[in-house]
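Take a look at the structure below.
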Amino acid sequence: MRTIAHSLAAAVLAGVSFCAQALPHVFLVQNSGWMEPFYSDPKSPFKPLVAALAGTVVRPGEALVLASFNQSLPGAPSPRALASFKAGEEPVRARVAQAIAGLDTARKPGGAALADTDLGEALRAATGLVLQGKPGIVWLVTNNRNSPNNDQATATRNREFYALIHGGDTVARALAFPLRMPVQGKHYDANGLMVYAFAVGAEGAAALDTLVATGRIAQVITEPPARLKPLDRDTVRLAPRRVVDAPGVSFASQADGVLRADVAPDARQPSARIEWHLENTMYPYTIASATLSARSTLGGESRAIRLDAAQVRDLAPGKPAPLGSSMALPVAQIPDQWSLAALKSAGSAYVLPGRIELHLADQKLELSQAFRQRMAALFPGDPLPDIFIPPARVQASTAVLPVQVRVHYGMGPLLALVGGLLALLAALAAAAWAWARPRTARVLVDEEARTLRGRPGTVQPVYDRHGEQVAQLKTTLFGHRLLDVREGAQVRLGRP
């Protein structure tokens with residue numbers, strides 16, 4: 001193992017420095033004796049496939065380590081690094097093609113015997129020595145004959161390899177791509193090749209999901225991937241067909257996998273009947289049987305979803321089954337159209353996040369017969385299909401469907417409120433103008449007319465012809481009044 005560490009780790013340190021911004025890809029290419037026809041057949045598409053796959057999945061800025069592997073022996077370390085670099089301007093495909101151009105089947109030290117194979121050793125070296133437990137994706141290209149020390153019990157060795165995948169937390173997600181690749185060598189012939197993708201860590205799993213969802217892998221490998229792990233989550237998908245007896249409510253699946261519920265602001269139906277398509281997402285497994293239950297969490301309310309069927313049987317991938325349900329709607333959490341939240345969302349949508357959880361209990365999975373037949377044709381004599389049987393501990397799974405309840409509010413209430421505010425402001429402005437405008441008063445003192453001007457709220461003295469104060473004039477918003485009229489004085493208000 002020290003020779004493996006020296007061979008791989010030295011190349012990694014010399015070529016690239018892994019960081020959070022550069023997701024590492026480790027490509028392990030088998031070159032043991034059982035791979036002889038893939039190297040010796042002049043028409044073999046094996047090496048071009050490896051180069052094309054690396055060139056497609058590795059993006060600029062991401063790190064790549066390319067290594068060959070067989071079985072490590074003293075004087076013959078495995079895996080052996082072939083290239084290590086960070087993808088940049090030079091095409092990855094060309095660099096990988098150049099690095100594997102001279103690669104051939106390996107032989108054991110000191111003799112002509114072809115090297116044996118140890119898949120588990122190669123995977124442990126990639127995840128432990130190269131990635132050092134950090135996120136990344138390991139791509140392992142093999143004819144799937146696991147025979148360390150030329151052990152002919154390949155079924156047992158394959159089971160050990162799959163136990164390594166399922167038994168620990170190092171590999172978060174695992175996919176297998178069985179490919180038809182007939183080749184004829186000097187000693188052996190072969191019909192198929194297997195490409196494994198092992199995601200390490202949550203970031204590696206997310207990156208692998210993106211590669212599958214965006215179709216980048218499918219640019220090179222057109223066959224659908226067979227899922228190895230996980231088998232206890234995201235095993236089914238709910239796709240809405242229609243909503244029944246719930247006016248103002250509609251459901252639609254978005255490209256990002258989120259289920260969007262569009263609700264009218266006046267919709268107050270407490271529940272909706274929703275008819276779904278239940279889809280199995282675990283190719284190549286058929287859900288032979290499982291018990292279904294579901295819950296929704298919408299607007300902070302967690303409630304059970306009543307399903308029409310509590311059992312599912314013989315649900316094969318790609319063949320959706322109808323499933324009816326009654327689901328509570330968060331009407332209590334929908335803001336009134338005159339609320340502040342609704343007014344802020346006028347012309348757009350008020351969003352209530354949530355989720356739907358579908359739980360499958362007593363889950364029994366079966367490998368599809370079509371997949372068994374395909375594997376038998378690609379790998380004749382190899383007990384591979386039996387090894388794809390999921391671990392006995394995987395008897396339950398949960399699928400989580402993110403939900404957005406979007407309440408659409410029109411502009412009417414907001415426009416009415418704005419109009420009312422504008423009217424109020426206009427009234428206040430008019431009142432202010434009226435308050436500030438001077439008013440004219442006609443006052444008769446001893447039948448002699450006087451004209452006085454004053455603003456509302458002011459009080460001013462009234463004098464007779466001798467200059468003596470005989471009264472006070474108070475001006476209000478609604479008129480004038482005489483105050484403190486001196487006894488015997490002839491003072492009164494006249495017409496303006």
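The values are calculated or read from the model by the stated rules, or taken from the named source; none is laboratory data. Predicted, not measured: the structure shown is a model, and the values here were computed from it. Here the Cβ positions follow ideal geometry from the backbone for every residue, glycine too, while neighbour counts run over all protein chains shown.
Structure summary
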{"read-out": "From the options Arg80, Arg95, residue that is closer than 23 Å to Gly185 by Cβ, in the same structural domain as Gln184 (by TED's automatic domain parsing), over 32 Å from the mean Cα position of the chain (by Cα) and not acidic (Asp, Glu)", "value": "Arg80"}
{"read-out": "Within the range 262-288, tally of residues that are modelled with pLDDT of 75 or more and under 18 Å from Gly324 (Cα atoms)", "value": "9"}
{"read-out": "Answer from Leu179, Leu211, Leu140, Leu175 - the residue that is in the same structural domain as Thr56 (by TED's automatic domain parsing) and out of contact with any Leu (no Cβ under 9 Å at 6 or more places or on another chain)", "value": "Leu211"}
{"read-out": "Residue count, the range 104-121 (criterion: of a type in the set (S, T, N, Q) and farther than 14 Å from Met35 by Cβ)", "value": "0"}
{"read-out": "For Gly257: the one exception among (1) within 21 Å of the chain's Cα centre (by Cα); (2) part of a strand (DSSP E or B)", "value": "(2)"}
{"read-out": "Matching residues, the range 295-312, being outside any strand (DSSP E or B) and either buried (at least 18 other Cβ atoms within 10 Å of the Cβ) or touching a helix residue (DSSP H, G or I) at 6+ places or on another chain (Cβ under 6 Å) (or both)", "value": "Gly299"}
{"read-out": "Qualifying residue in the range 40-59 (condition: touching a helix residue (DSSP H, G or I) at 6+ places or on another chain (Cβ under 8 Å) and among the basic types (Lys, Arg))", "value": "yes"}
{"read-out": "Condition broken by Leu414, with the remaining ones in (1) surrounded by 12 or more Cβ atoms within 10 Å (Cβ to Cβ); (2) at pLDDT below 65; (3) out of contact with any Leu (no Cβ under 8 Å at 6 or more places or on another chain) satisfied", "value": "(3)"}
{"read-out": "Number of positions in the range 163-212 that are in a helix (DSSP H, G or I) and farther than 29 Å from Tyr39 by Cα", "value": "12"}
{"read-out": "Residue selected from the range 207-224 under the condition within 21 Å of the chain's Cα centre (by Cα) and hydrophobic (A, V, I, L, M, F, W, C), by the criterion surrounded by the fewest Cβ atoms within 10 Å (Cβ to Cβ)", "value": "Ala213"}
{"read-out": "Positions within the range 452-494 being surrounded by 12 or more Cβ atoms within 10 Å (Cβ to Cβ), over 15 Å from Thr440 (Cβ atoms) and small (Gly, Ala, Ser), in sequence order", "value": "Ala471, Ala489"}
{"read-out": "Top-ranked residue of the range 63-102 - restricted to ones that are surrounded by fewer than 17 Cβ atoms within 10 Å (Cβ to Cβ) and part of a loop (DSSP other than H, G, I, E, B), ranked as modelled with the lowest pLDDT", "value": "Glu89"}
{"read-out": "Residue list for the range 163-194, restricted to those being more than 25 Å from the chain's Cα centre (by Cα) and surrounded by 22 or more Cβ atoms within 10 Å (Cβ to Cβ)", "value": "Pro178, Val183, Ala190, Leu193, Met194"}
{"read-out": "Among (1) surrounded by fewer than 19 Cβ atoms within 10 Å (Cβ to Cβ); (2) outside any loop (DSSP other than H, G, I, E, B), the one test that Ala126 misses", "value": "(1)"}
{"read-out": "Any hit, the range 75-93, residues being over 19 Å from Ala125 (Cβ atoms), of a type in the set (Val, Ile, Thr) and out of contact with any His (no Cβ under 6 Å at 6 or more places or on another chain)", "value": "yes"}
